[in-house]
1. From Lys183, Lys227, Lys175, which residue is within 30 Å of Asn130 (Cβ to Cβ) and either surrounded by 12 or more Cβ atoms within 10 Å (Cβ to Cβ) or modelled with pLDDT under 70 (or both)?
2. Scan the stretch 129-146 residue by residue and report those that are without any contact (Cβ under 8 Å) to a residue 12 or more places away in the chain, farther than 25 Å from Gly27 by Cα and part of a helix (DSSP H, G or I).
3. Select from the stretch 73-104 the residues that are part of a helix (DSSP H, G or I) and surrounded by fewer than 19 Cβ atoms within 10 Å (Cβ to Cβ) and list them in ascending order.
4. Which residues, taken from the stretch 109-126, are over 29 Å from the mean Cα position of the chain (by Cα) and without any contact (Cβ under 8 Å) to a residue 24 or more places away in the chain?
5. Which of (1) under 16 Å from Trp151 (Cα atoms); (2) at pLDDT below 95 is the odd one out, the single condition Asp74 does not satisfy?
Amino acid sequence: MYYIILVIFIIVIGLSGIRIVRPTHRGLTERLGKYHRFANPGFHWIIPFIEKMYRINVTESMINAESQEIITNDNLNARVDAQVYFKVKSDEESVKSSIYNVNDYIYQIVNLARTTLRNIIGTLTLKSANSERGRINAELHKTLLLETHTWGIEIVRTELKEIAPPPDVQETMNKVVKAENEKVAAIDFASARETVADGEKRAKIKDAEGYKQSKILHAEGDAAAIKLVNEAADLYFIGNAQVLKKLETVERALENNSKIIIPIDTKLINVISEIAGVVPLDIK
């Protein structure tokens, strides 16, 4: 009976000492309150009641620095919130430092980030704080790296989540932004209308120039035709036949309301005058 109890006791002790360390963790084993050994991922066994294992997460984690009211350099209360991404380094010394060099490193990081943000944003105006988020993130990251270098952790990055001004200031800023957007829209609309008007003006000028050129070409064509007919008449017709051919040409030209200039001393003038019953005067 005693042997059975002893075996059961040994089994319970043996099972209670089993520890499994996951790949995302590292372990520290203490014996009687003193650091004893480092535990990598895998199976481990500790002596119950004598040894104790602490398992530390070494993956990247995010903590919120918690929203807080910060007075800016222009005496405005801005609500500021930030996030800090960090991880415990996986080597033995870093894991030991995260346990033995700092009491609750998560709590310490949160408060250090809040204090650093107050110091940085307190020197800036609300406008510059909103426009210089990159600078604020860089300074916050630099300060956290410097202050936590003995804690065995790595500050991966910091992100400024929001910088919210008071409600009345936010309303005023919204009105300013709206007015600026309306101004830009009005300028764009005016530019578009000006472009359309310029296009219409150029089109009308092109049409007028085309019409003008067409009329010139028609007139030049008619004049050239008359000239050719006159020359042909001089060559192939004689006497009244020449005059008749010229009259036919003039008649066709006058059908299009064309203006024909004829020298006064030509026979064609005399024929036209006789047909119209007008005797040309010779003005000296």
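1. Lys175
2. Result: Ser131, Gly134, Arg135, Ala138, Lys142, Leu146.
3. Those that are part of a helix (DSSP H, G or I) and surrounded by fewer than 19 Cβ atoms within 10 Å (Cβ to Cβ): Glu92, Glu93, Lys96, Ile99, Tyr100.
4. Residues satisfying the conditions are Asn111, Thr115, Asn119.
5. (1)
The values are calculated or read from the model by the stated rules, or taken from the named source; none is laboratory data. Being a predicted model, the structure only gives us computed values, none of them experimental. Neighbour counts are summed over all protein chains in view; Cβ atoms, including those assigned to glycine, are modelled from backbone coordinates with ideal geometry.
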